[in-house]
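S.K.: Quick one: structure below, then a few questions.
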Amino acid sequence: MTEEEFERPDGFELSRAWAGVVEEMERRRSTVTATVLISARLLPILRDHFGRHFESLGETGDGRVRARVAAPMALTIAEQLAGWGARVEVEEPGEVRAELARIGAELVERYR
């Protein structure tokens, strides 16, 4: 504690200010995005899994939904999607697709 005093600005709301700080830090942390196609029934599950790093882009007309997910690295996105197997199709970027292929090859080699 110090003797320094602080006067709260008029209209300042701590919860709103904190939400802004968190949003900015998450934006800075999640610089890699991937566009994925998923079954519409999986939408709430994937949305819950990725939280604020998930954005629904709309239905594709074939029972699937296009969405965008974000993380700090392509590897992080691939690791989070790998468990979904063929139920998730990564459209782009190629680096996430390459990481998924590498993870798949490792699993095939290990459990063959």
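The values are calculated or read from the model by the stated rules, or taken from the named source; none is laboratory data. A quick note: this is a predicted structure, and the numbers were derived from the prediction, not measured. In this analysis, Cβ positions are derived from the backbone assuming ideal geometry, glycine residues included, and neighbour counts consider all displayed protein chains. Remember, those area values only see protein heavy atoms, side chains included, never the ligands or the DNA or RNA. Shrake-Rupley method; radii C 1.70, N 1.55, O 1.52, S 1.80 Å.
S.K.: Specify which residue in the list SER39, PRO93, LEU75 is farthest towards the positive end of the charge dipole of the chain, using unit charges on the beta carbon of Lys, Arg (+1) and Asp, Glu (-1), about the Cα centre.
M.R.: Projecting each Cα onto the dipole axis, the largest value belongs to SER39.
S.K.: Still on this model: Could you point to the label whose value was computed as P(r) over Cα pairs in 10 Å bins from 0, in percent for the structure here, given (i) 12, 35, 25, 13, 9, 5, 1; (ii) 14, 45, 31, 10, 0; (iii) 11, 21, 14, 11, 10, 10, 9, 7, 4, 2, 0?
M.R.: (i)
S.K.: Could you work out what % of the accessible surface of the chain is carbon and sulfur, using a 1.4 angstrom probe and leaving DNA, RNA and ligands out of the count?
M.R.: 51
S.K.: Okay, moving on. Run the helix sum for the chain: -39,500 (n - 2.57) per DSSP H stretch of 4+ residues, divided by residue count, reported at 222 nm to the nearest 500 deg cm²/dmol.
M.R.: One gets -14500 deg cm²/dmol as the mean residue ellipticity at 222 nm.
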